[in-house]
Amino acid sequence: MAAAAVLMPFVASAVDAPQGFIYKVTAPGDVSGATLYLYGTLHVGSVKSAELDQATRYLVSHSSRLALELDPRNSTALSQALQTYARYPAGDSLQQHIPAALMEQTQKRAEELKLPVARIEQMRPWVAANLLAVLTLSNQGLDPRLGSETLLSAEAARAGVPVVEIEGADAQFKILGGAPDATQVDALRRTLDGLNDGRIANEAHQLLDAWSASDGKAIEQMLADLNQEPGLFPHFMATELIAGRDKTMAESAVNDLKAGGTTFFAVGALHLFGDDGLINQLRQRGYTVAALR
């Protein structure tokens, strides 16, 4: 979730090679024609994922609505959510909530990224971790401006397809901002360690490779690894950021199907798989979920 980054529009051309995950969801016996295309997104992308393939572009442009976790063009909502959940009030600061050694590491990484230290000092640990990761990965060619949501919303705008938010910035940031202080500190520590040893970049590239190859088994393995990783933040990621949101996403998907028409329903690829993932949840509710790739 690149929540701390301001996602800017990126116009891309279509390519022939299919990429990513698309599942067609229908209700057995439904003669209304209501259809939901379940699509797994990448929140950051690289040059090799920076164009929507023709099949994806066609489905988006012929849908009744595009449903996204949040609309990256809704800058007002993003700014308000950041102000509410991401920053400390006047008189408080990051260094009052984390160990001195961790603050020193944070300041060092910020300086390397030419990010004003004063800006970092007003951020809560979770958003400082997110921003440092996003900026570091951007320098390595993994950019939120090339993420799926940006490309999909741009295609919807070209085709005149309305965009609806499944969660919105306020709901997403509330979950992150509501994490216990110890969990947020662990998130910052884990992020800095992972940036220093290259683990976060490796994880991002593994996800990108799995997405590009439509390799669901690789995503399943990443989820299994996350569930077994020790630490407060990995547990929070697995239970709150992924599994905890899967249920509400499934409810939204069902509501869109009931609304009729065709919905292109795009959420992070990690939300599709696993026991609590949307594919399994929708099948358990009696819906037919067929892989298109």
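The values are calculated or read from the model by the stated rules, or taken from the named source; none is laboratory data. What you see is a predicted model; the values in this text were computed from it and never measured. Note that we place each Cβ from the backbone using ideal geometry, even for glycine, and neighbour counts take in every protein chain shown.
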Handout entry: Candidates Ala100, Ala159, filtered to the one that is among the aliphatic types (A, V, I, L, M), surrounded by fewer than 21 Cβ atoms within 10 Å (Cβ to Cβ), in contact with a helix residue (DSSP H, G or I) (Cβ under 6 Å, 6 or more places away or on another chain) and modelled with pLDDT of 95 or more
Key = Ala159
Practice task
Filter segment 107-137 down to residues that are of a type in the set (Val, Ile, Thr) and in contact with a strand residue (DSSP E or B) (Cβ under 9 Å, 6 or more places away or on another chain) and give me whichever is surrounded by the most Cβ atoms within 10 Å (Cβ to Cβ).
Solution key: Val127
Exercise for the section: Give segment 251-285 a look and list any residue that's of a type in the set (Gly, Ala, Ser) and within 16 Å of the chain's Cα centre (by Cα), or say none. Expected result: Ala266, Gly268, Ala269, Gly277
Handout entry: Any hit, segment 15-38, residues being of a type in the set (Val, Ile, Thr), under 16 Å from the mean Cα position of the chain (by Cα), modelled with pLDDT under 95 and farther than 20 Å from Met249 by Cβ
Key = no
Problem - segment 235-245 - residue that is in contact (Cβ under 8 Å) with a residue 60 or more places away in the chain and not charged (D, E, K, R) and, of those, nearest to Gly177 (Cα to Cα) - result: Leu241
Exercise for the section: Could you grab the pairs with beta carbons closer than 8 Å, sequence gap of 6+ or different chains, first residue in segment 90-112 and over 16 Å from Arg190 (Cα atoms) and among the aromatic types (Phe, Trp, Tyr), second one in a helix (DSSP H, G or I) and modelled with pLDDT of 95 or more? Expected result: none
Practice task
Having 1 or more residues that are more than 21 Å from Arg87 (Cα to Cα) is the bar; report the helices (runs of 4 or more DSSP H) wholly within segment 99-174 that clear it.
Solution key: 100-112, 125-139, 148-159
Completion exercise
The residue that is farthest from Tyr23 (Cα to Cα), considering only those in segment 260-293 that are in a helix (DSSP H, G or I) and among the hydrophobic types (A, V, I, L, M, F, W, C), is Leu270
Exercise for the section: Answer with yes or no whether Thr239 is buried (at least 19 other Cβ atoms within 10 Å of the Cβ) and either out of contact with any Leu (no Cβ under 8 Å at 6 or more places or on another chain) or part of a helix (DSSP H, G or I) (or both). Expected result: no
Practice task
Look through segment 56-98, keep the residues that are among the charged types (D, E, K, R) and not in a helix (DSSP H, G or I), and return whichever of them is farthest from the chain's Cα centre (by Cα).
Solution key: Asp92
Exercise for the section: Determine which member of the set Thr248, Thr288 is surrounded by fewer than 16 Cβ atoms within 10 Å (Cβ to Cβ), within 18 Å of the chain's Cα centre (by Cα) and touching a residue at least 60 places away in the same chain (Cβ under 8 Å). Expected result: Thr248
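Here is a yes/no grid of residues against (1) crowded, with 17+ Cβ neighbours inside 10 Å; (2) under 19 Å from Leu176 (Cβ atoms); (3) not hydroxyl-bearing (Ser, Thr, Tyr):
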{"residue": "Gly45", "(1), (2), (3)": "yes, no, yes"}
{"residue": "Leu59", "(1), (2), (3)": "yes, no, yes"}
{"residue": "Leu82", "(1), (2), (3)": "yes, yes, yes"}
{"residue": "Pro89", "(1), (2), (3)": "no, yes, yes"}
Exercise for the section: Note down all Cβ pairs under 7 Å where the first residue falls in segment 253-269 and is under 29 Å from Ala210 (Cβ atoms) and in contact (Cβ under 8 Å) with a residue 60 or more places away in the chain, the second is in a strand (DSSP E or B) and of a type in the set (D, E, K, R), and they're at least six residues apart or on different chains. Expected result: Thr263/Arg65
